[in-house]
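Worksheet for the structure shown next.
Each reported figure results from applying straightforward, stated rules to the coordinates on display, with no laboratory input. This structure is a prediction, so every number in the text was calculated from the model and none was measured. Counting neighbours? That spans all protein chains shown, and the Cβs are built from the backbone with ideal geometry, glycine included.
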Amino acid sequence: MKIIQLAYSNYVGGASIAANRIHYSLCKNNINSELWVNDALSKKSDWKDPYDKIEKKLRRYITWPLLKTIKTDIPIHHSISLLPSTWVKRINESDADIVNLHWIQREMLSVKDISKIKKPIVWTLHDMWAFCGAEHYTNDIRWREGYNSNNRPSYESGFDLNKWTWDRKKKYWKSPIQIITPSSWLANCVRESKLMSNWPVSIVANPINTEVFKPMDKKTALKNLNLPNNVPLLLFGALGGIKDSRKGFDLLIKTLKHLKNKIKVKDVEIVILGQSKQKSLPNLDYPIHYLGHLNDDKDLCSVYNSVDALVIPSRQDNLPNMGIEAQACGVPVIAFNTGGLGDIIDHQKTGYLAKAFDVEDLGNGIIFVLEQSKKKQLASNAREQAIKKFSEKKISEDYLKIYKNLLI
C-alpha cells in the first residue's frame with residue numbers, strides 16, 4: 001500500500017507540522033507514505049514541486065484582487081482555491097493507492113481539482129475550510145444552513161466570496177470523501193454541516209514523538225534559554241498569535257490583569273513563543289520573555305521543560321500541536337473548554353479546562369496548576385496521557401485501519 005500525503009508545506013504552521021508528523025509516524029510503522037508539498041524546508045521529505053517560486057507567487061497574486069472583494073469587520077483568513085494545478089495529473093499518474101489531503105490552500109489545489117482526483121481520497125481537516133465557504137474558521141451559522149443571501153452576517157459586505165466558494169464546492173464535490181478530524185469538535189462540525197453531513201468522518205488525533213518531546217532537567221532547560229530559575233513561568237504561543245483574535249491573547253491579558261493582585265501568582269513571568277518583541281504590546285504588569293519562532297523540536301522541548309504551565313486562551317481551535325507537545329513533556333495545559341481543547345486536557349488531572357471565555361475561571365486554572373506544580377502529579381498525568389492518546393504508533397495504526405477499509 002502506497003499513500004501520498006498532499007500538503008501545502010512541511011514546516012509552516014500547525015497544519016503543516018501535523019501533516020509532516022502523520023507522514024513520519026506512518027513511515028516508522030513501515031507504511032509506504034510519501035509527502036508531497038508546494039513549500040519544503042528540508043529534502044528529507046519526499047516532495048515534488050511542479051512550480052518554481054515565481055510561479056507560486058504569481059498564482060497567489062492572480063487571486064489576490066478577488067480576495068479583496070469581500071469586506072469584513074472580523075479578520076478571517078479566506079481561500080478561494082480557484083486556479084487549476086498540475087498536482088491532479090501527477091497524482092492520477094502515480095502508483096499510489098490512496099491520496100491523503102491535508103491543508104492544500106494558497107492555490108495549491110482548486111475546488112474543481114479535488115473532484116478530478118481518481119484515486120481513493122482521505123482528507124485530514126486541520127480547520128473548518130472544507131465545509132465552509134472561503135473561511136478557515138467562523139462563528140456564523142452559514143456552514144450549517146447553507147450559504148444564501150438571507151443568512152449573510154452583518155459584519156460582511158461587498159461580493160459574497162464565501163457563498164461563491166461554497167457554491168463551487170457544492171457543484172463539484174458530488175461523491176463523499178472519507179474525512180479525518182484530529183478533534184471530536186471538528187468531527188461534530190462536519191456532521192452538522194450542510195455540505196458534508198452525509199460524508200464519513202473518523203476522529204484520529206495528531207501524533208507526537210514522545211521520545212523527542214519528553215521531560216528533561218528543568219535547570220538545564222532554563223539555562224539553555226537564559227530564563228530565570230526562581231519564578232513560575234507561564235507559556236503562551238502561536239504563530240502571529242498576538243494579532244490573531246482567534247488565539248485569544250487579549251483574553252490572556254484580561255486574565256493576567258485580573259490576577260495581578262493575587263499573592264499566589266504575583267511573581268509569575270510570561271514566556272511568549274513564536275513572536276518577537278512587540279513595541280505596541282500593552283503593559284501586562286508581568287515580565288515577558290520573547291523567544292521568537294523555533295523550528296527545531298529539541299529547542300521546543302527545552303521551552304516546554306522550562307515552564308510551569310502552557311496557557312491556551314483560544315476562542316476557537318482544533319487540536320493545537322502545542323497542547324500535545326507540552327503534555328508529552330509533562331507540562332500541564334490551561335485552556336478554555338472550547339473547540340478540540342477538551343480532547344487534550346483532562347480537567348484537573350492533566351491541566352485545567354476553564355469555562356469558555358471566562359477570564360476569572362482561566363485565572364483559577366492558573367492558580368490551581370501553580371499550586372499543584374510541586375506535587376508533580378499533573379505533570380505525570382500529562383505525560384502518561386500523551387503516550388496513551390497521541391503516540392506515533394497508535395496514530396499510525398488508526399490511519400492504517402482507515403486506509404485498509406477504504407480499499408476493501
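Observations on the model:
- Value at 222 nm in deg cm²/dmol, rounded to 500, when DSSP H runs of n ≥ 4 in the chain each add -39,500 (n - 2.57): -11000 deg cm²/dmol
- Where a label projected 7 Å from the Cα of Lys376 along Cα→Cβ would reach, residues of the range 298-340 with amide N under 20 Å: 302-310, 326-333
- Length added when fully stretched, Ala356-Asp217, from 0.36 nm per residue minus Cα-Cα: 46.7 nm
- Under-5 Å amide H pairs with Val271, H placed in peptide plane, nonlocal only: Leu234, Leu235, Phe236, His289
- When the square roots of the Cα gyration tensor eigenvalues are ordered a ≥ b ≥ c, the ratio a/c for the chain is 1.5 or more and a/b exceeds b/c, which makes its shape prolate.
- ³J(HN,Hα), Karplus 6.51/-1.76/1.60, whole Hz, each residue of the range 392-408, x for Gly, Pro: 4, 5, 4, 5, 5, 5, 5, 5, 4, 4, 5, 4, 4, 5, 5, 8, 5
- Restriction of the trypsin sites (Lys or Arg not before Pro) in the range 333-378 to DSSP coil positions whose beta-carbon has at most 12 other beta-carbons within 10 angstrom yields Lys376.
- Phi angles of the range 191-206 translate, via the Karplus equation with coefficients 6.51, -1.76, 1.60 and θ = phi - 60°, into HN-Hα couplings of 5, 8, 6, 5, 7, 10, 4, 9, 8, x, 9, 10, 9, 9, 5, 6 Hz per residue; Gly and Pro are given as x.
- Taking a sphere under 12 Å around the Cβ of Arg21 and counting the other residues whose Cβ falls inside, with K and R at +1 and D and E at -1, yields a net charge of -2.
- Gain in span if fully extended, Leu284 to Lys388, counting 0.36 nm per residue against the direct Cα distance: 33.7 nm
- For His77, residues with placed amide H under 5 Å, excluding near neighbours: His136, Tyr137
- Potential lengthening between Asp73 and Glu55 on full extension [0.36 nm per residue; Cα-Cα distance subtracted]: 3.3 nm
- Glu93-Val231 pseudo-label distance in nm [points 7 Å out on the Cα-to-Cβ vector]: 6.0 nm
- Relative contact order (%) - the chain, alpha-carbon pairs under 8 angstrom, separation at least six: 14 percent
- Percent RCO, i.e. relative contact order, over the range 218-390, from Cα pairs under 8 Å lying at least 6 residues apart: 22 percent
- In Hz, Karplus ³J(HN,Hα) per residue of the range 336-344 (6.51, -1.76, 1.60; θ = phi - 60°; x = Gly, Pro): 6, 7, 8, x, x, 5, x, 6, 9
- Protection proxy ranking, peptides 186-192, 145-151, 359-365, average beta carbon neighbours within 10 Å, highest first: 359-365, 186-192, 145-151
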